[in-house]
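Contents: one structure, followed by commentary.
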Amino acid sequence: MALHCSRIFLGVMFLVAGINGYFVIFGWEPFIATSPEAMALFEFKYLLITEKSLEIICGILLLSNRFVPLAIAILAPIVTNILLLHLFLDHSLLPLAVLLVLAISYLLFSYRKNFTGIVERKANPS
């Protein structure tokens, strides 16, 4: 049950955040307020487009329960950056950032067997 809730929570959060980011990209008023500190980090639009596209794709993957380990691997550094941003620059959404970290950590723990191959000391090519 917790696995399902974590996956759905992350899927919804990143799908909504990604779509909201495209409102900013197109110059429309976002339906959820964005952090000015976060937007200052995206001086170049291609970075914002890339991140928001990945968020939408991963949100859809999590919600459809397809390629979940891939979505976790893509979202882990994004969640880390979100936590660091809200820890050091903008404290307003720090509780949400902590929830994201807890949810992705739980998913990472639950799918840990899918990641064992990337931490092999001496990996052999196929």
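Laid out as a table, the results:
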{"read-out": "Between 0 and 90°, nearest 10: helix 45-64 axis offset from the chain longest Cα axis", "value": "50"}
{"read-out": "Cβ-placed point charges (K, R +1; D, E -1), dipole of the chain about Cα centre in debye, nearest 20", "value": "660"}
{"read-out": "Acute angle (nearest 10 degrees) that the helix 68-88 long axis makes with the longest principal axis of the chain, alpha-carbon atoms", "value": "50"}
{"read-out": "Degrees between helix 2-25 axis and first principal axis of the chain (Cα, 0 to 90, nearest 10)", "value": "40"}
{"read-out": "Under DSSP loop assignment and at most 15 Cβ neighbours within 10 Å, longest GluC sites (Glu not before Pro)-free interval of the chain", "value": "44-119"}
{"read-out": "Stretch gain in nm, segment residue 93-residue 19, where the contour uses 0.36 nm per residue and the Cα spacing is subtracted", "value": "24.8 nm"}
{"read-out": "Computed helical MRE - 222 nm, the chain, DSSP H runs ≥ 4 contributing -39500 (n - 2.57), nearest 500", "value": "-23500 deg cm²/dmol"}
{"read-out": "Principal axis dimensions, the chain - Cα atoms, whole angstrom, descending", "value": "47, 34, 30"}
{"read-out": "10 Å Cβ shell holding at most 15 others, DSSP loop, trypsin sites (Lys or Arg not before Pro): longest site-free stretch of the chain", "value": "1-65"}
{"read-out": "Chymotrypsin sites (Phe, Trp or Tyr not before Pro) restricted to the range 1-30 and DSSP loop, no more than 16 other C-beta within 10 Å", "value": "26, 28"}
{"read-out": "Loop-located chymotrypsin sites (Phe, Trp or Tyr not before Pro) in the range 71-126 whose Cβ has at most 10 other Cβ within 10 Å (DSSP)", "value": "none"}
{"read-out": "Average accessible area per residue (Å²) across the chain - probe 1.4 Å, nucleic acids and ligands excluded", "value": "65"}
{"read-out": "Relative contact order, percent, the chain [alpha-carbon distance under 8 Å, six or more residues apart]", "value": "30"}
{"read-out": "Heavy-atom accessible surface of the chain: percent carbon and sulfur, 1.4 Å", "value": "69"}
{"read-out": "Chymotrypsin sites (Phe, Trp or Tyr not before Pro) lying in DSSP loop within the range 31-63, provided at most 14 other Cβ fall within 10 Å", "value": "31, 44"}
{"read-out": "Extreme residue, positive dipole direction of the chain, given options 47, 3, 87 (C-beta unit charges)", "value": "3"}
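The values are calculated or read from the model by the stated rules, or taken from the named source; none is laboratory data. This one's a predicted model, so the numbers in the text were calculated from it and none came from an experiment. In this analysis, Cβ positions are derived from the backbone assuming ideal geometry, glycine residues included, and neighbour counts consider all displayed protein chains. These accessible areas exclude ligands, DNA and RNA; they are computed on the full protein's heavy atoms, side chains included. Shrake-Rupley method; radii C 1.70, N 1.55, O 1.52, S 1.80 Å.
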